[in-house]
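Taken together, the values in this text are just the output of simple stated rules run on the coordinates, not laboratory data. These numbers were taken from a predicted model, which means no experiment stands behind them. Don't worry about glycine lacking a Cβ; one is built from the backbone with ideal geometry, like all the others, and counts go over all protein chains shown.
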Amino acid sequence: MSRLIFLLFFLINLKFLNLIFASILLLQGCTSSTYHFRELSEFRLDKNALKDGESVQIIYSSGGPDYNPNLEYYYHLIVVSHETGDTVNVLTTLYNPDETYLTKDFISNENNASKIMQNLDKIKNGSNVNDLSTKAITKVASNRDHLKREENNYPSVIGTLGEVEQM
């Protein structure tokens, strides 16, 4: 009888331990995501770090947990200006990760193109671009695997990257 009680006690404890172990694994999986968010206030914003239309080379992208459909955060890019050679953080809501290491043109957040891109859901026939504003975003996607690269003292600008045709 005592062996039966011991065996039952052992099996109950084994199930309990398995439940605890499974819970720990689940919690670890939830907290070990590659991405987390930093506050915008952690970046040294300088609107003059890049000129609107300035050609840059993308050397790094943080990526993000998704494709940012609701424009809830900025992607963190690091670029080098072709004009000055300066390295600058670019915070942008729109980014294609396949474009890393490509040359693009910086489009400032005050540019009408940025306002249009951030408000595609609101634009209707007859909308005036002057009535549009950019979104107030306070968080920046950060990649835990590249924190040393991301936590830098480069000046930061908000905008997007694209191709600007000179007319």
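Here are the numbers for this structure:
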quantity: Candidate lysines for bridging to LYS135, where Cα separation is under 26 Å - those fewer than 8 sequence places away on the same chain excluded; calculated: LYS47, LYS51, LYS104, LYS115, LYS122, LYS124
quantity: Cross-link reach list, aspartates and glutamates versus LYS148, counting only Cα pairs under 19 Å and skipping chain neighbours closer than eight places; calculated: GLU39, GLU42, ASP86
quantity: Contour minus Cα-Cα distance for LYS47 and THR138 (0.36 nm per residue); calculated: 31.1 nm
quantity: Cα→Cβ-extended label distance, 7 Å offset, between GLU165 and TYR35, nm; calculated: 3.2
quantity: Peptides ranked, highest mean first, by Cβ atoms within 10 Å: ranges 52-60, 124-132; calculated: 52-60, 124-132
quantity: Peptides 149-156, 116-123 ordered by average Cβ neighbours within 10 Å, highest first; calculated: 149-156, 116-123
